[in-house]
């Protein structure tokens, strides 16, 4: 069932989407490279075509992606973000490689390059990729950011962020939230933070709540427990905005099965 909350639309509104694309693997799909590498790439391209179709259908102005591969043996050894940008018609792409050929031993490395990304139909400046401090045994996480000028308001710049936090340990997520706060606090611009936070609002040690408190951000109906990752039954994918911005609509596309996460779509306006 698709859940919808609609308020009103504004001609200068922006439509946003966040989605963990799971390295191009669909929900319920095991690693397609177990049997045939070439068949696996074809299969992943087909999956990415479905994601690109979703982007075109929703007409999202800016998309935040997580687990986005640039070159990985398990996902076809090609750049998923470049592929999606071309297929969906995005003019700007920012890609972070938070996992960059990690080593299992001094002479044994995994050919994995992936991280977070942003796709935008608007020009983006001041782009950065930041990897969090190492947190073994898990692979590194991080965020990418770029700055847009709000349509029709050349004096208003907004920072856009796509992030991915640690999936198992709340103390690591808290540390990563502090790294985000240290980076953005001096900038003092309105901001939008999207991504896979791997945590919910109601937990007393929620990094999501910590980030909102410290950077003065808000989200839509944080107390509602609507799963965005059905496998674990939790709402872990979020869109946060500054007080200068407001939600005009908010949807979780529960029927979409392009990943093990559900796309979250929001339309925001400038107050």
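What follows is calculated from the coordinates using simple rules that are stated; it is not laboratory data. Computed from a predicted model, the values in this text were never measured in an experiment. Heads up, the Cβs are rebuilt from the backbone with ideal geometry, glycines too, and the neighbour counts pull from every protein chain shown.
Grab the DSSP H runs of the chain that are 4 residues or longer, score each as -39,500 (n - 2.57), total them, divide by all residues and round the 222 nm result to the nearest 500 deg cm²/dmol.
Taken over the chain, the calculation gives -6500 deg cm²/dmol.
With springs only between Cα atoms under 10 Å, which of 55, 203, 98 fluctuates most in a Gaussian network model of the chain?
Looking only at 55, 203, 98, the biggest GNM fluctuation is shown by 203.
For the chain, set up a Gaussian network in which alpha carbons nearer than 10 Å are linked by springs, and say which option among 151, 136, 190 fluctuates the most.
Ranking 151, 136, 190 by mean-square fluctuation puts 136 first.
If you line up the long axis of helix 170-184 against the longest principal axis of the chain, both from Cα atoms, how many degrees apart are they, to the nearest 10?
Compared with the principal axis, the helix lies near 60 degrees.
To test your reading of the geometry: what angle, between 0 and 90 degrees and rounded to tens, separates the Cα axis of helix 37-58 from the longest principal axis of the chain?
Orientation of helix 37-58: about 10 degrees from the principal axis.
Evaluate the distance, in nm, between pseudo-label points positioned 7 Å from the Cα of residue 46 and of residue 257 along their respective Cα→Cβ axes.
1.4
Using Cα pairs closer than 8 Å and at least 6 residues apart in sequence, work out the relative contact order for the chain, in percent.
Normalised by residue count, the contact order of the chain is 23 percent.
Taking Rh as the Kirkwood radius computed over C-alpha pairs, what is the Stokes-Einstein D of segment 203-271 at 25 °C in a medium of viscosity 0.890 mPa s, expressed in µm² per second?
Taking Rh from Cα pairs, D becomes 188 µm²/s.
How long are the semi-axes of the ellipsoid equivalent to segment 105-183, from square roots of 5 times the Cα gyration tensor eigenvalues, in whole Å, largest first?
So the equivalent ellipsoid measures 30, 16, 9 Å along its semi-axes.
Say R0 is 25 Å: what FRET efficiency, to the nearest 0.05, do residue 181 and residue 231 get from their beta-carbon distance?
Efficiency, from the Cβ-Cβ distance: 0.25.
Calculate how large, on average over all directions, the projected area of the Cα convex hull of the chain is; give the answer in nm² to one decimal.
14.1
For the residue pair residue 271 and residue 170, what label-to-label distance in nm results when each label sits 7 Å from Cα along the Cα-to-beta-carbon direction?
3.0
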